[in-house]
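Peer 1: I am attaching a structure below and will ask some questions about it afterwards.
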Amino acid sequence: MPSLKDLRNRIASVKATQKITKAMQMVAAAKLRRAQTAAEAARPYAERMSVVLGNLASGITVGPETPRLLAGTGADQVHLLIVCTAERGLCGAFNSSIARLARDHANRLLAEGKTVKIICVGKKGYDILRRQFAQNIIELIDLRSVRQIGFENADQIAQKIFSLFEAGEFDVATLFYSRFRSVIAQIPTAQQIIPAQIEATGTSSDAVYEYEPEEGEILATLLPRNLTVQIFRALLENAASEQGARMSAMDNATRNAGEMIKKQTQTYNRSRQAMITKELIEIISGAEAL
Amino acid sequence: MATFNFELVSPERVLFSGAVDAVVLPASEGDMTVLAGHAPMMTTLKTGFLVVTSTPGNGTRVLVRGGFADISQNGLTVLAERALPAEELTHEILDKEILQAEMAWDATNDPIARQAAESAIAQLREAKEALTY
């Protein structure tokens with residue numbers, strides 16, 4: 001039976017923890033709003049880009065002239081996984097669910113005898129994947145110092161991937177991130193970015209488009225840009241998801257702490273009362289004995 | 001004057017959306033003006049100023065870098081990798097852009113890419129000169 005002082009200390013410490021989780025929840029809520037607006041602001045560009053690409057790609061037949069970013073290298077041997085996670089923990093299952101998706105994917109590829117290379121964006125994913133795939137990880141991209149993800153950050157990553165692709169380091173690239181559905185629902189997603197997956201829009205008008213410069217040339221400049229846009233979108237969605245996950249995790253923690261405080265306060269009051277009663281009985285029985 | 005729908009979108013935000021009279025584009029094969037009823041076409045852009053005229057005799061300038069324009073029946077959409085309205089232009093930003101263009105020039109040996117970088121540098125220098133007045 002813990003003493004009254006122990007109980008008091010325990011309650012005080014849980015209260016302090018609750019204050020921290022509450023503060024973290026509010027910070028996450030504020031950051032979430034910002035991340036969400038950023039993600040929404042980026043959406044028109046990405047949508048426009050995919051429409052334009054769809055229009056272009058549907059008019060082009062795959063041949064030896066087709067850019068390799070669209071047609072692929074023709075092989076399927078070396079896979080590159082780009083795993084985007086958060087830089088910080090304490091956000092529920094956010095990091096581990098992305099890492100699990102990537103791990104399952106990697107295991108399946110390895111079982112098929114393929115070569116797997118991994119680029120980690122964000123430290124947490126690296127920490128989780130390092131245990132199993134230490135030799136497969138070729139790079140860790142740290143975005144810790146970045147407060148608001150800008151297009152330049154995505155561009156740097158895309159340049160890196162693009163130069164690896166040009167050097168023939170891999171055949172297929174897949175991007176892992178968490179799609180932001182709502183504050184309580186984030187969906188870990190795997191998206192193949194090289195060769196580019198373009199849904200041909202059947203709605204392309206019959207009007208004759210003029211191209212300046214040639215169609216192929218435009219496509220060649222557009223495809224690397226599309227890579228950047230996809231990564232940028234993934235990073236923004238990830239940022240919003242992270243804050244959402246953290247918010248709900250911290251909300252849970254605050255609620256749990258509240259319950260714990262309630263329970264312990266009850267125990268504290270009970271044992272305090274028991275002690276008083278005991279003392280009273282002692283006094284009374286002492287008086288009666290006289 | 002007939003107007004058409006114009007949208008200027010950068011990855012971070014939508015900069016302009018609305019009806020305009022004319023837009024001058026710094027297309028990669030020469031500047032061009034888009035008016036209402038332009039034939040559908042698609043072109044890439046070089047670094048330079050895009051001029052939006054929403055009321056006659058009045059234009060706002062936006063510095064765009066790396067992007068493309070899509071002209072369709074629904075209007076004109078410009079997707080720019082970087083877009084800076086003239087009000088937001090400062091010496092520091094331009095210096096940074098110039099530095100980047102110079103680095104791009106240094107990084108390639110491809111004559112076409114070099115030419116593009118050179119013209120970008122020239123454009124940016126010019127913009128910087130204009131800013132000092």
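The values are calculated or read from the model by the stated rules, or taken from the named source; none is laboratory data. Everything numeric here is computed off the predicted structure, so don't read it as measured data. Note that each Cβ is placed from the backbone with ideal geometry, even for glycine, and that neighbours are counted across all protein chains shown. Please note that ligands, DNA and RNA were not included when accessible areas were found on the heavy atoms of the full protein model with its side chains. Shrake-Rupley method; radii C 1.70, N 1.55, O 1.52, S 1.80 Å.
Peer 1: Charges on Cβ only, +1 for Lys and Arg, -1 for Asp and Glu, centred on the Cα centroid of chain A; of A:Gln273, A:Ser285, A:Ser248, which one is farthest towards the dipole's positive end?
Peer 2: A:Ser285
Peer 1: For the range A:78-137, what is the Kirkwood hydrodynamic radius in Å, using each pair of distinct C-alpha atoms? Could the numbers behind the result be given before it?
Peer 2: Values: mean 1/r = 0.0873 Å⁻¹.
Here the Kirkwood hydrodynamic radius works out to 11.5 Å.
Peer 1: Leaving ligands, DNA and RNA out of it, work out the accessible area of B:Leu99 with a 1.4 Å probe and give it in Å² to the nearest 10.
Peer 2: 100
Peer 1: Need one number: nm distance between label points at A:Asp127 and A:Thr37, each 7 Å from Cα along Cα→Cβ, rounded to one decimal.
Peer 2: Here the modelled spin labels are 3.1 nm apart.
Peer 1: What is the Rg over Rh value, at two decimals, for the range B:89-131, using alpha-carbon atoms and the Kirkwood definition of Rh?
Peer 2: 1.02
Peer 1: For the range A:9-29 and the range B:1-32, what is the centre-to-centre distance using only Cα atoms, to the nearest Å?
Peer 2: The range A:9-29 and the range B:1-32 have Cα centres separated by 50 Å.
Peer 1: Turning to a different aspect of this structure: Order the following by accessible area, largest value first: A:Met26, A:Met49. Probe radius 1.4 Å; ligands, DNA and RNA are ignored.
Peer 2: The ordering from most to least exposed comes out as A:Met26, A:Met49.
Peer 1: Let me know the whole percent of all Cα-Cα pairs from the range A:1-53 that are separated by more than 17 Å.
Peer 2: Above the 17 Å cut-off, the range A:1-53 has 63 percent of its Cα pairs.
Peer 1: Placing +1 at every Lys and Arg Cβ and -1 at every Asp and Glu Cβ, with all other atoms neutral, what dipole size does the protein assembly as shown have around its Cα centre, in debye to the nearest 20?
Peer 2: Roughly 3360 debye for the protein assembly as shown.
Peer 1: Can you tell me what the convex hull of the Cα atoms of the range A:81-236 projects to on average, as an area in nm²? Could the numbers behind the result be given before it?
Peer 2: On the way: hull surface 46.7 nm².
Averaging across all directions leaves 11.7 nm² for the Cα convex hull.
Peer 1: Got a sec? What order do B:Leu50, A:Leu280 fall in by accessible area at 1.4 Å, biggest, i.e. largest, first?
Peer 2: Working: B:Leu50 0, A:Leu280 95 Å².
The most accessible residue leads, giving A:Leu280, B:Leu50.
Peer 1: Report the full-extension gain for the segment A:Lys5 to A:Glu215: residue separation times 0.36 nm, less the Cα-Cα distance, to one decimal in nm.
Peer 2: 67.7 nm
Peer 1: Give the Rg/Rh ratio for the range A:20-133, taking Rg as the radius of gyration of the Cα atoms and Rh as the Kirkwood radius, to two decimals.
Peer 2: 1.09
Peer 1: Normalised by the empirical 2.2 N^0.38 Å for globular proteins, what value does the Cα Rg of the range B:1-108 take? Let's see the in-between values first.
Peer 2: Numbers: Rg = 14.1 Å, N = 108, 2.2 N^0.38 = 13.0 Å.
Normalised by 2.2 N^0.38 Å, the Cα Rg of the range B:1-108 equals 1.08.
Peer 1: Let me ask another. Sort A:Val27, B:Val62 by accessible area with a 1.4 Å probe, largest first.
Peer 2: A:Val27, B:Val62
Peer 1: Can you work out the FRET efficiency for the pair A:Met275 and A:Leu110, with r the C-beta to C-beta distance and R0 = 41 Å, to the nearest 0.05?
Peer 2: Values: r = 63 Å, r/R0 = 1.54.
Given R0 = 41 Å and the Cβ-Cβ separation, E is 0.05.
Peer 1: For A:Ser271, what is the net charge nearby, where nearby means another residue's Cβ is under 12 Å from its Cβ and Lys, Arg count +1, Asp, Glu -1?
Peer 2: +4
Peer 1: Also, I was wondering about something else. Taking the Cα centre of the range A:1-52 as origin, sum charge times position over the Cβ atoms of Lys and Arg (+1) and Asp and Glu (-1), and report the length of that vector in debye to the nearest 20.
Peer 2: I would put it at about 320 debye.
Peer 1: Can I ask one more? How charged is the neighbourhood of B:Thr43? Take every other residue with its Cβ under 9 Å from the Cβ of B:Thr43, and add Lys/Arg as +1 and Asp/Glu as -1. Display every interim value, and only then the final one.
Peer 2: On the way: positive: none; negative: A:Glu210, A:Glu212, B:Glu29, B:Asp70.
Surrounding charge for B:Thr43 is -4.
Peer 1: Taking the Cα centre of the range A:143-282 as origin, sum charge times position over the Cβ atoms of Lys and Arg (+1) and Asp and Glu (-1), and report the length of that vector in debye to the nearest 20.
Peer 2: Once rounded to the nearest 20, the dipole reads 1740 debye.
Peer 1: Extension gain B:Thr3-B:Ala130, at 0.36 nm per residue separation less the Cα-Cα distance, in nm?
Peer 2: Between B:Thr3 and B:Ala130, full extension yields an extra 42.8 nm.
Peer 1: Next up: So how exposed is A:Arg88, as accessible area in Å² (1.4 Å probe, rounded to 10)?
Peer 2: Number for this one is 130 Å².
Peer 1: Tally Lys/Arg at +1 and Asp/Glu at -1 over every other residue whose Cβ is under 13 Å from the Cβ of A:Phe170; what's the total?
Peer 2: Net of charged neighbours comes to -1.
Peer 1: Treating cross-link reach as a plain straight distance, find the aspartates and glutamates whose alpha-carbon is under 15 Å from the alpha-carbon of A:Lys22, omitting any fewer than eight places away in the same chain.
Peer 2: A:Asp251, A:Glu259
Peer 1: Could you run the Debye sum over the Cα atoms of the protein assembly as shown, one equal point scatterer each and no solvent, and tell me log10 of I(q)/I(0) at q = 0.07, 0.11, 0.13 Å⁻¹, two decimals?
Peer 2: Taken in order of the listed q values, log10 I(q)/I(0) reads -0.46, -0.93, -1.20.
Peer 1: Using a Förster distance of 56 angstrom, determine the FRET efficiency expected from the C-beta separation of B:Ala122 and A:Val27, and round it to 0.05. If you can, show how the numbers build up before the last one.
Peer 2: Numbers: r = 47 Å, r/R0 = 0.83.
For R0 = 56 Å, the calculated efficiency reads 0.75.
Peer 1: Per residue Cα convex hull volume for the range A:184-290, in cubic angstrom?
Peer 2: 141
Peer 1: Looking at B:Ile93, B:Ala127, B:Leu15, which one has the Cα that reaches farthest to the positive end of the dipole of chain B (charges on Cβ: Lys, Arg +1; Asp, Glu -1)?
Peer 2: Selected residue: B:Leu15.
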